[in-house]
Amino acid sequence: MLKDQVAIVTGASRGIGREIAKKLAEQGMKLTLVGSSSQVSGTAEELKKMGYANILPVQADVSIEEDMQRVVRKTIETFGTVDVLVNNAGVGFFKLTEEVTADEWKKIFEVNVQGVFLATKAVLPHMKERKSGTIITISSDVARYTIPNGSAYTATKYAVQGFSGSVAQEVREYGIRVGTINPGMVDTYFAESTQGLPEKKDWLKVEDIASAVIYMASAPKHMMIDEIVLHPFVQNYPIA
Ligand code: NJP
């Protein structure tokens, strides 16, 4: 079903985004991979070596409007359309609120919230014209409950959840589906960590999130998946 469709994946340089790119390529999708560093070309090279030809890396910052307009323009020029947008790029830090600087607060909102807005804004005219499309945002379990020492990060993910829900209602009449995937702790490079550390062996794997993306993106047209929440069994979290 996803074969020959076109997806844009932000934050594809490493971690969850890189694995989403791999799993979408395995489905036969054509991909634009976005990262703010040149590392995104590394993911593209890796996929090309695996035999996937239709991979376009674009070094771009999700928090800059012109960058995201360029990403969508290049995708349409190269592959002709955009079927799926995966808003995955994100940053995080965890510290006491009084230790968060105004610059850190601004930066985390620019990437996690403005980035999702700008990428979504850039694909919507095209998706509306086609009356089809799927927008999936990798949000967080902290979009649904709060944690201490993470006020800035938590605030961004609550914002993203509200944004996503509101857009979903706005574009339903155009056949565009909008949803979030809200994971708990995932073993990646997130918050200056390293993927593969022994103490994270029981955390969610990047593959778990990528599989959820495949499920959401390939759901039959009559089905709308608003949200998928996943946690590692070892994580203690409130259940509503
Ligand atoms: O993190 P990491 P994850 N413009 O650090 C890119 C959410 N999540 O895979 O810019 C464009 O390994 C960066 O590439 P580069 C989390 O909030 C995670 O875990 O080239 N791209 C890299 O590819 C986030 O939304 C956990 O350096 C930008 C990627 O983002 C998503 O999962 C738990 C960028 C970050 O890779 C992926 O994070 C949870 C920019 N301005 C939610 N800034 C978890 N790991 O535990 C960064 O609840 N990137």
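The values are calculated or read from the model by the stated rules, or taken from the named source; none is laboratory data. What you are looking at is a predicted structure, and each value in this text was computed from that prediction instead of being measured. Backbone-built Cβ (ideal geometry, glycine too); neighbour counts: all protein chains shown. In case anyone asks, the SASA skips ligands and DNA or RNA and just uses the protein heavy atoms, side chains included. Shrake-Rupley method; radii C 1.70, N 1.55, O 1.52, S 1.80 Å.
Inspection of the stretch 6-14 identifies at least one residue that is in contact (Cβ under 8 Å) with a residue 12 or more places away in the chain, open to solvent by 10 Å² or more (accessible area, probe 1.4 Å), touching a Phe, Trp or Tyr at 6+ places or on another chain (Cβ under 7 Å) and within 14 Å of the ligand (Cβ to nearest atom).
Considering each residue of the stretch 168-179 in turn, none proves to be within 8 Å of the ligand (Cβ to nearest atom), open to solvent by less than 60 Å² (accessible area, probe 1.4 Å) and in contact with a Lys or Arg (Cβ under 6 Å, 6 or more places away or on another chain). Taking the stretch 133-150 as the range and being within 23 Å of Val62 (Cβ to Cβ) and more than 15 Å from the ligand (Cβ to nearest atom) as the test, the residues that pass are Gly133, Thr134. Does Ala25 qualify as being closer than 16 Å to Val213 by Cβ, at pLDDT 95 or above, open to solvent by less than 20 Å² (accessible area, probe 1.4 Å) and within 13 Å of the ligand (Cβ to nearest atom)? When the stated conditions are applied, Ala25 does not pass them.
Of all residues in the stretch 31-45 being within 20 Å of Ile214 (Cα to Cα) and touching a helix residue (DSSP H, G or I) at 6+ places or on another chain (Cβ under 8 Å), which is surrounded by the fewest Cβ atoms within 10 Å (Cβ to Cβ)?
Narrowing the stretch 31-45 to residues within 20 Å of Ile214 (Cα to Cα): 31-34, 43-44.
Then drop every residue that is not touching a helix residue (DSSP H, G or I) at 6+ places or on another chain (Cβ under 8 Å), which leaves 31-34, 43.
Numbers: Leu31: 28, Thr32: 28, Leu33: 30, Val34: 31, Thr43: 24.
Step by step, filter the stretch 31-45, then rank; the result is Thr43.
Scanning the stretch 49-73 for residues that are more than 15 Å from the ligand (Cβ to nearest atom) and out of contact with any strand residue (DSSP E or B) (no Cβ under 6 Å at 6 or more places or on another chain) turns up Lys49, Met50, Gly51, Tyr52, Ala53, Arg73.
Of all the residues in the stretch 181-212, those that are within 10 Å of the ligand (Cβ to nearest atom) and either closer than 30 Å to Pro125 by Cα or modelled with pLDDT under 95 (or both) number 4. Contact annotation: residue pairs with Cβ atoms under 7 Å, 6 or more positions apart or on different chains, pairing a residue in the stretch 187-208 that is without any contact (Cβ under 8 Å) to a residue 60 or more places away in the chain with a partner that is open to solvent by 70 Å² or more (accessible area, probe 1.4 Å), are Asp187/Trp203; Asp187/Lys205; Asp202/Val234.
Out of all the residues in the stretch 56-86, which are of a type in the set (A, V, I, L, M, F, W, C) and crowded, with 21+ Cβ neighbours inside 10 Å? Hits for the stretch 56-86 are Val58, Ala60, Val62, Met68, Val71, Val72, Val82, Val84, Leu85, Val86.
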